[in-house]
Amino acid sequence: MPATTTRRTNLILFLGLIIVFSIISFVAANSAFIVTNEIYSGVTVADIPVGGLSSDEAEQKIRDKIISKMSRPIELNYQDRSWTISAEEISLSIDAASLVQEAYKVGRKGNIFQQLQERYLSVNRGYAIPLTASYDVPKLESVLQTIAQSLDGKARNATIAYNDSEVSIVPETPGRKLNITNTLETISAYFNNELSFSIPLVIEEVAPAVFASDLESIDSLLTSYSTQFDASNANRTENISLAARSINDLLVKQGEIFSFNRNVGPRLAEYGYKEAPVFIEGKIVLDWGGGVCQVSTTLYNAVLFADLVIEERTAHFYPPNYVPLGQDATVADNLLDFKFKNSSESNIYIKSEVIGNQLTIYILGKRLKNPPNIQVVATDVKVLEPKTIIKQDSLLDLGTQIIETEGQKGVQVTTYRLKKTNDNKEISRELLGNDEFKPVDKVIRVGTKALPKQSTK
């Protein structure tokens, strides 16, 4: 017989003997396991070894380990900050008896093949039973909500500071928010795997809406526009200030369409707006947000002189006295909006301020080499005379006259935006609007009630 064949035969016999002895050993171990009342070797409850122990011994070991851990505070950590709670605060508990039952079932449940598989895995790789901790979820959520109040921080947009014709960028600051749902899942995993009492909080970074990179191209003031108001009217002044703050430090990206209503929001009492005089259908009445139209009008004029495209603009019912004729822009919740498009070659930035009785809106952008000279002119101005309407009133004495409505003149006007070179040559002429402010008729009530006859005696 060749030597190679002999070596192969010996190797096969040797491997066969190993397999036979392994089977005998595995069968013997399983036979011993079947007749004992101990948990199978290799079984752990979380990180607690319980293999080879009786049920009572395993339960006592688990209880001792849990009592030791639960005597310490639970630490919830974020960077160098931590918050501590006790197990009692969230009613944390572990059912040691149920865990021992699960550990004891390893290698004993299912058909013979399933039992053999679990026994093999337990001996060779280990078999871990999770702790399945029990705790009061609403109490833990309440703790996390309290932590969130001190931990959460809003993101701060990058902004532009404008002082004495100098433009400087203030970088953004990211915000942070405690993710309560994910933190609860993390806590559950730490409790169930090893009953760890040092647990990281799950914090999400909140990105700002405006980054310093969005403002890099903005280097100068394109234009500003100011209007004055009666500061003694406290409610109207407050409304103007609120609306102005809503559009302060506002980025409008290149090609973006700005909506006044979308940025300012509804003019309602719940947002701090107050009742102030407005002109509606020829009459001055109180309405919520009175005065906000002065902000939209001031912005409209700043946009005009910044050479941006007007998308939507509506004239008032009657021309206001704080801007030239034909240069107003009224707004109304869910009805009338002022919109413009950033048609420049870069992003622009809006700043607004109210000082004393003056509202000023600034538009910052990229400096142009040869910017056009912008002019807004009103032409074809026509005064519309009001009518006088006589109303007979049977409740007034004959011949008595009462002026019900004073009446006001109306006007028609056509407005253009002119672009000119520095030497005053016209480049283009853009029609902005043909506005008609209708006259308000004068109404006089005349009495028709007959006077009582006087006695002749």
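Bear in mind that the values in this text are calculations on the coordinates, not laboratory data. Predicted, not measured: the structure shown is a model, and the values here were computed from it. Virtual Cβ from ideal backbone geometry, glycine too; neighbours counted across all protein chains shown.
The table below lists the values:
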{"quantity": "Segment 372-457 - charge dipole about Cα centre, Lys and Arg +1 at Cβ, Asp and Glu -1, debye rounded to 20", "calculated": "300 debye"}
{"quantity": "Trypsin sites (Lys or Arg not before Pro) restricted to segment 145-190 and DSSP loop, no more than 16 other C-beta within 10 Å", "calculated": "Lys154"}
{"quantity": "Packing-based order for 262-269, 318-325, 338-345, using average beta carbon neighbours within 10 Å, highest first", "calculated": "338-345, 318-325, 262-269"}
{"quantity": "Read-out semi-axes √(5λ) of the Cα gyration tensor in Å, derived from the coordinates shown; its label in (i) 84, 34, 20; (ii) 36, 27, 21; (iii) 35, 33, 19", "calculated": "(i)"}
{"quantity": "Alpha-carbon Rg/Rh ratio, for segment 248-387, with Rh computed the Kirkwood way", "calculated": "0.98"}
{"quantity": "Two-decimal ratio, segment 372-457, of alpha-carbon radius of gyration to 2.2 N^0.38 Å", "calculated": "2.10"}
{"quantity": "Segment 194-288 shape via C-alpha gyration tensor axes, a/c threshold 1.5", "calculated": "oblate"}
{"quantity": "Kyte-Doolittle at least 0.0, axis length at least 30 Å by Cα - qualifying DSSP helices, the chain", "calculated": "3-35"}
{"quantity": "Of Lys339/Lys387; Lys69/Lys105; Lys382/Lys425; Lys253/Lys419; Lys366/Lys438, pairs whose Cα-Cα distance is over 30 Å", "calculated": "Lys339/Lys387; Lys366/Lys438"}
{"quantity": "Lys/Arg +1, Asp/Glu -1 at C-beta; the chain dipole; positive extreme among Pro171, Ser91, Leu221", "calculated": "Leu221"}
{"quantity": "Cross-link reach list, lysines versus Lys154, counting only Cα pairs under 17 Å and skipping chain neighbours closer than eight places", "calculated": "Lys177"}
{"quantity": "Length-normalised contact order for segment 372-457 - Cα pairs under 8 Å, 6+ apart - percent", "calculated": "43 percent"}
{"quantity": "Dipole magnitude of the chain, debye to nearest 20 (Cβ charges: Lys/Arg +1, Asp/Glu -1, about Cα centre)", "calculated": "780 debye"}
{"quantity": "Geometric extent, Cα atoms of segment 96-206 - Rg, Dmax (angstrom)", "calculated": "24.9, 88"}
{"quantity": "Environment charge at Ile112 (Cβ cut-off 12 Å; Lys +1, Arg +1, Asp -1, Glu -1)", "calculated": "+2"}
{"quantity": "Percentage relative contact order, the chain, counting C-alpha pairs under 8 Å, at least six apart", "calculated": "11 percent"}
